[in-house]
1. With a 10 Å cut-off between alpha carbons and a GNM built on the chain, which of ASP271, ASP222, ASP115 moves the most?
2. If exposed trypsin sites (Lys or Arg not before Pro) are those in a DSSP loop with at most 12 other Cβ within 10 Å, what is the longest stretch of the chain that has none?
3. If you average the C-alpha positions of region 281-296 and of region 173-246 separately, how far apart do those two centres end up, in angstrom?
4. Rounded to the nearest 5, what % of DSSP beta bridges with both residues in the chain are antiparallel?
5. Between 0 and 90 degrees, rounded to the nearest ten: what's the tilt of helix 38-48 against the longest Cα principal axis of the chain?
6. Which ³J(HN,Hα) values in Hz, rounded to whole numbers, follow from the phi angles of region 300-315 under the Karplus curve 6.51 cos²θ - 1.76 cosθ + 1.60, where θ = phi - 60° and Gly and Pro get x?
7. Which of GLU316, GLU76, GLU189 moves most in a GNM of the chain, Cα contacts under 10 Å?
8. Please list, ordered by chain and number, the residues whose modelled amide H lies under 5 Å from the amide H of ASP223; skip anything fewer than 5 residues away on the same chain.
Amino acid sequence: MKRINVGIIGTGWCGGIRANTCANSALVDELHIAEINQQRLDEVTKQTGPKTATTDYKELLANDAIDAFMISATPEVTHFPMALDCLKAGKHVFLEKPISLTLKEADELVDLARDNNLKFTIGYSQRFNPKFAFVKKSLNDGTLGEPVSALISRHISRNLGNKISGRIKLSPAAMEATHDLDFALWCMEPAKPIRVYAQAVNKVMRPTHGVEDCMWIIVTMDDGTVLTVGAGWIMPPAYPNFSTTTIEFVGSKGALMIDDSHKDVMLTTMDGGIVHPMSTMPGEQVEHVFAGPMHAETIHFLEAVTYDRPVMVTPEQARKVMEVYMAADLSAERNEPVPLPMNARDISEAAPV
Ligand SMILES: NC(=O)c1ccc[n+]([C@@H]2O[C@H](COP(=O)([O-])OP(=O)(O)OC[C@H]3O[C@@H](n4cnc5c(N)ncnc54)[C@H](O)[C@@H]3O)[C@@H](O)[C@H]2O)c1
């Protein structure tokens, strides 16, 4: 059986999940991990028994035996240089979102991967959430008819909002709504986004973290469809990294309402009060099963590399999503709609995300 050797750069929360998935997959021969936090490196080494474990990812880059890298490091300024290094070294790359901080950087990565025939994909994990996949299926098989509108509302808890904005000033559009923008744009293909209007609220996080509390984004497509995506990160701290999402897709022949609010499992204890296990966006290992999309997403990438299959999330799609959330940031700042594709002036005025 064909097997591949995989390197993981950054084995924190997500990278830890990816390393564990790789360690337990029959597709992976050698696992190599790089993590600058020695304590975390030791922890994940103990869990996954990698062939090599280092604090310097460049050591892994020099290893010709490694076929593919998964980049799960933070802060997000690391994404572009790490992906560039890996692609230049001729490795296939799975990169957590965001793809980069500027469209120019994203273009460079997209071109490099295409010119060198390398797999390159971005971690839009919610595409691997079965509820989300059901929306895609219902559109593809005609159950809903012609798409008319989509509404997705996502809120995550403040502990995660604090974690993210403690390391980088990226908006909820760039860091949270991005998942749902990716999903909705993918569902609406081949329609293309032509205009974005967004509003931001700045009551809680601005003074302490310099970021918005939530953003609401309306995207108009070239077939007249309208997508509305809202995302925020100020819910009171809850089960580690609790997230709640509601979805509504309306078409000419039907409508689909989905509750992904993660309130279906309630655990209450004398010590911890009420919590909702299995309620994070990536999901978590529960004994012998993984509850959430990140495991399936990781396996998908391993299969794409091993069997030379196409990746689910193309870098071109991720680049388009980036353009939409950059336009959303700009729209909220200017308080006016931003046409797409963004013109040169808008691109230069959009803050790096
Ligand atoms: N798909 C999803 O559902 C999802 C959920 C959360 C986060 N994310 C994305 O995944 C990425 C990782 O998020 P996280 O919550 O796991 O972050 P994290 O902070 O828990 O982990 C990142 C790790 O990278 C390590 N690191 C930093 N610089 C490094 C370097 N030079 N070499 C090796 N390791 C290095 C850090 O020490 C840390 O352990 C983020 O960019 C985020 O946008 C995706």
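1. Highest fluctuation of the listed residues: ASP271.
2. 3-166
3. Each part reduced to its Cα centre gives a spacing of 24 Å.
4. 60
5. Its long axis makes an angle of about 80 degrees.
6. Those phi angles translate into 4, 5, 4, 5, 4, 6, 5, 9, 6, 9, x, 7, 5, 9, 7, x Hz.
7. Among GLU316, GLU76, GLU189, the largest mean-square fluctuation in the Gaussian network model of the chain belongs to GLU189.
8. LYS192
Every read-out reported here was derived from the displayed coordinates using simple, explicitly stated rules and does not represent laboratory data. If you're wondering where the values come from, they're calculated on a predicted model, not measured in any experiment. Ideal geometry is used to build each Cβ from the backbone, glycine not excepted, and the neighbour counts take in all protein chains shown.
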